[in-house]
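Take a look at the structure set out below.
The values are calculated or read from the model by the stated rules, or taken from the named source; none is laboratory data. Since we're looking at a predicted model, the values are computed, not measured. Glycine also receives a Cβ, built like all others from the backbone with ideal geometry; neighbour counts cover every protein chain displayed. With ligands, DNA and RNA removed, areas are computed over all heavy atoms of the protein, side chains included. Shrake-Rupley method; radii C 1.70, N 1.55, O 1.52, S 1.80 Å.
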Amino acid sequence: MTLPARVKVCEMGPRDGLQNEKAVVSTEDKIAYVNLLSEAGLPVIEATSFVSPKAIPQLSDATEVFAGIRKRPGTRYVVLTPNLKGLERARAAGADSIAVFTAASESFTKRNINMSIEQSLSAFGEVINAARLHGIWVRGYVSTAFGCPYEGTVPVDSVVRVTESLYKLGCDEISIGDTIGVGVSTQVHALIPRLSDIVPLENVALHFHDTYGQALANVEAGMQEGVAIFDSSAGGLGGCPYAPGASGNLGTEDLLYKLRGMDIETGVDLARVRAASRFIAGRLDHQLPSKAYTALEAASA
Ligand code: HMG
Ligand code: MG
C-alpha cells in the first residue's frame with residue numbers, strides 16, 4: 001500500500017462554507033476571505049456559485065465576488081454552474097473553471113437542482129460542451145455517494161453509473177461527495193476500486209463532510225486506495241441547505257495537520273489558512289468546528 005507523496009487540497013470555504021451560513025457576509029468580506037486563502041497557496045479555491053439566487057441567496061453576489069478577488073497564479077478558481085445561465089454568468093465574470101453537480105440519489109437531486117439524475121446529466125452535457133468550446137476546465141460532483149438524507153443507503157452501482165456518465169460527458173475531474181458525512185472507511189475501500197475501472201484516479205477527488213467525525217479516516221482510506229485530491233473547508237465550514245443533517249466539510253486545518261504529520265506535501269501554508277479562518281470567524285455568529293483550527297488557536301493564544 002503506497003500513500004501519495006503529494007496531495008492536492010481543494011478549498012471549499014467560500015462556496016460550500018458560505019452557502020450554508022445564516023449570517024450575511026458582505027461582498028467585501030467574501031473577497032478578503034478568498035484573498036487570504038489565496039495567500040495560503042491553495043492550488044484550488046471554490047470561489048463562489050453562479051446558481052439561482054432564490055436557491056442560495058447567500059451567494060447572489062457571485063459576479064462581484066469573482067471580479068473582486070485577486071487571482072494568484074498557480075491557484076485554480078472554480079465556480080459552481082447549475083445550468084447554461086450559470087455558465088454564461090460565470091464566463092461574463094471571467095471564470096475559466098466551473099463545476100457542475102448532480103448526485104447518486106434521485107430525491108436529493110430533485111431537491112437540490114429540481115431535476116432527475118437523467119435530466120441533470122442531459123442538462124450538464126450541454127453545459128460541459130459549451131464550457132469546453134471556450135476552453136473552460138470542468139469539475140463534476142457526485143453528491144450523496146455515501147448516503148442520502150432522503151433515501152438512506154445509496155447503492156455503489158448508482159455512484160459508479162453517475163461518475164461514469166459525468167466522465168464520459170467530458171469532466172476533467174470528478175469529486176465524489178459524502179454530502180451529509182455519514183460514510184465510513186470500508187465504504188471508501190469498496191467504492192474506489194470500482195471507480196478506478198472507469199476513471200483514472202488522478203481525475204478523482206473525495207469530498208467529505210465531517211458530520212459523524214469520519215472524514216479524516218475516510219481520507220486515509222482514500223489515499224490507501226490511490227486518491228490524491230481532497231476537498232476541505234477552512235475552519236470546517238460547510239453544508240448544503242438541501243441536505244438536512246449535513247454539517248461542515250472536513251476542516252482544511254485538520255487535513256493539513258494530518259498530511260504535514262505524515263510528510264505528505266501540499267504546498268499549502270497552514271498558518272495562513274488559519275488566518276483566513278480567523279478572519280471569517282469574526283464575520284459569523286458561531287465558532288468554527290475544525291478541531292485542528294481550534295487547538296492551534298488555543299495553543300498560540
Ligand atoms: P429551477 O427553479 O428549476 O430553475 O431551479 P428555473 O430554470 O425554472 O429558474 C428559476 C428562476 O431562477 C428563474 O428566475 C431563473 O432565471 C433563475 P425567475 O424567472 O423566476 O425570476 N435562475 C438563475 N438565476 C441566476 N443564475 C442561474 C439561474 N438559473 C435559474 N444559474 C436550479 C433549478 C438548478 C437553477 C436551482 O435549483 C439551483 O440554482 N440550485 C442550486 C442549489 C445549490 O447551489 N446547492 C448547493 C450546491 S451543491 C452542494 O453543496 C454539494 C457539494 O458540496 C458536494 C457534496 O457535498 O456532495 C457540491
Ligand atoms: Mg459539500
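Just to confirm a number: summing +1 for Lys and Arg and -1 for Asp and Glu over residues other than Met12 whose beta-carbon lies under 11 angstrom from that of Met12, what do you get?
Taking every other residue near Met12 into account, the sum is -3.
State to the nearest 20 debye the size of the charge dipole of the range 114-226 about its Cα centre, where the only charges are +1 on K and R beta carbons and -1 on D and E beta carbons.
Values: 5 positive and 13 negative charges, 37 e Å.
With only Lys, Arg, Asp and Glu charged at Cβ, the dipole is about 180 debye.
Projecting label points 7 angstrom from Cα along Cα→Cβ for Glu64 and Asp285 puts them 2.1 nm apart.
Taking Thr179, Thr81, Thr153 as the candidate residues, the one with maximal mean-square fluctuation in a Gaussian network model of the chain, Cα springs under 10 Å, is Thr153. Net charge of the neighbourhood of Arg139, taken over other residues with C-beta under 14 Å away and scored Lys/Arg +1, Asp/Glu -1, is -4. On the chain, 51 percent of the accessible area sits on carbon and sulfur atoms, based on a 1.4 Å probe.
In this calculation the C-beta distance from Arg132 to Arg6 is compared with R0 = 30 Å, giving a FRET efficiency of 0.65. Estimated from helical segments only, the mean residue ellipticity of the chain at 222 nm is -12500 deg cm²/dmol, where each DSSP H run of four or more residues counts as -39500 (n - 2.57). Between Lys54, Lys110, Lys291, the Gaussian network model of the chain with springs among Cα atoms under 10 angstrom shows the greatest mean-square fluctuation at Lys54.
When the chain is described by a simple charge dipole with +1 on each Lys and Arg Cβ and -1 on each Asp and Glu Cβ, the residue from Val9, Phe230, Asn35 located farthest towards its positive end is Asn35. Here the label points at Asp263 and Glu118, each 7 Å from Cα along the C-beta direction, are separated by 5.3 nm in the simple model.
Taking Ser143, Ser247, Ser185 as the candidate residues, the one with maximal mean-square fluctuation in a Gaussian network model of the chain, Cα springs under 10 Å, is Ser185. Accessible surface for the chain, divided over its residues, is 40 Å² per residue with a 1.4 Å probe. Partners of Lys30 within straight-line reach, counting lysines whose Cα lies under 30 Å from its Cα and excluding those fewer than 8 residues away in the same chain: Lys8, Lys22, Lys54, Lys71, Lys85, Lys110, Lys258, Lys291. The calculated pair-distance distribution of the range 82-198 uses every alpha carbon pair, bins of 10 angstrom beginning at 0, and gives 14, 46, 30, 9, 0 percent.
Could you calculate the FRET efficiency of Arg194 with Lys168 from 1/(1 + (r/R0)^6), where r is the beta carbon distance between them and R0 is 22 Å, rounded to 0.05? It comes to 0.90.
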